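S.K.: Dropping a structure here in structure tokens format, bear with me for questions.
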Amino acid sequence: MKPTILIYDSGMGGLTIYDEIRKKIPNAYYIYCFDNAYFPYSEKSESELVARAEHIVQKIIKKHPLDLVVVACNTASTVVLPTLRKKFDIEVVGTVPAIKPAAQISQTKTIGLLATKGTVNRRYVQELIDSYAKECVVEKIGSTTLVELAEQKMQTNTVDSEKLQEIIATWQSNPKLDTVILGCTHFPVVKKELQQLLPQVKNFIDSGKAIANRVEFLLKTKKIAEKSSFDNIAYCTKVTKNIKDQENIMIKNGLKRLDFI
Ligand code: DGL
């Protein structure tokens, strides 16, 4: 039986998670939703993020019976998971910064957390640091502009390298920094550019593979209900003039079409 998996994010960044899951579990129905009406999530209030999560899952579940939801967004996952799990009778997998593996792999015990403004200030993230990276110096950069740059790259294939350099400038003069956590699902998209600007960094770590493993594990233990077949599909929450380009990106990623919820 094929499971139905909803993956959502504020924008195109969650496709980096979707990619990893799809590689691991090709035999599933995928629904990708991007909440472009509220993009970027970076500085949105916690109550707004919870309301959006409930809205999206509620809307999609009315159209498709879901087996599992992946919140492919660190900014949202650090606040919305308890509400989603309480409200819906479905497995929910969140995406949080890979602090534990980064602390383990760093030789210099100096790691950088690159995430949104919201994520770097969350209590949840501080708790992860206190539990798993106590022996490390953790340098944090929270940026909304970087989310916008990555989204732009996904949609136009261009990156404003000057702006990118300004964002991470303080890390360029830190020779001890050997590991950077890409703590936003948009950031693997600009990994190549970051590597060029930070040659001292040996490890760039994102959560994609760990999320895919978690999804695979949860689905193995779950009874998947029989359902009628449908095409993998994408949804957005606002129709903009870019809708055709966005639909083309979705189609390139194996989703049949882009609809609006
Ligand atoms: N991609 C999301 C994350 O992982 C959200 C980026 C944003 O919209 O600010 O945090």
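The values are calculated or read from the model by the stated rules, or taken from the named source; none is laboratory data. What you see is a predicted model; the values in this text were computed from it and never measured. Heads up, the Cβs are rebuilt from the backbone with ideal geometry, glycines too, and the neighbour counts pull from every protein chain shown. Side chains are part of the model used for accessible areas, which takes the heavy atoms of the whole protein and leaves out ligands, DNA and RNA. Shrake-Rupley method; radii C 1.70, N 1.55, O 1.52, S 1.80 Å.
S.K.: Rounded if a/c is under 1.5, else prolate if a/b beats b/c, else oblate: with a ≥ b ≥ c from the C-alpha gyration tensor eigenvalues square-rooted, which is the stretch 97-233?
M.R.: Oblate, since a/c reaches 1.5 and b/c is not below a/b.
S.K.: May I ask you to give the percent of accessible area on the chain that is carbon plus sulfur, with a probe radius of 1.4 Å?
M.R.: 48
S.K.: On the Cα set of the stretch 37-118, report Rg and Dmax in Å, please.
M.R.: Over the stretch 37-118's Cα set, Rg and Dmax evaluate to 15.1, 50 Å.
S.K.: Top to bottom by accessible area (1.4 Å), largest first, where do 230, 217 land?
M.R.: 217, 230
S.K.: Given axes a ≥ b ≥ c from the Cα gyration tensor, I'd like to know whether the stretch 1-144 is rounded (a/c under 1.5), prolate (a/b larger than b/c) or oblate.
M.R.: Note, shape of the stretch 1-144 comes out prolate.
S.K.: Follow-up. For the chain, taking Cα atoms only, what is the radius of gyration to one decimal and the Dmax to the nearest whole Å?
M.R.: Rg, Dmax (Cα atoms, Å): 17.9, 56.
S.K.: Ok, one more. For a quick size check, give me the Cα extents of the stretch 71-153 along its three principal axes, largest first, whole Å.
M.R.: Result for the stretch 71-153: principal-axis Cα extents of 43, 33, 19 Å.
S.K.: Roughly how many nanometres apart are two label points built 7 Å out from the Cα toward the Cβ at residue 139 and residue 58?
M.R.: The answer from the label model is 4.4 nm.
S.K.: Can you give me the pair-distance distribution of the stretch 222-261, C-alpha pairs, 5 Å bins, whole percents?
M.R.: 6, 23, 24, 17, 11, 11, 5, 3, 0
S.K.: Averaged per residue, what accessible surface does the stretch 24-85 expose to a 1.4 Å probe, in Å²?
M.R.: 36
S.K.: Over the stretch 105-200, with the other protein chains present, what is the accessible area per residue in square angstrom, probe 1.4 angstrom?
M.R.: 48
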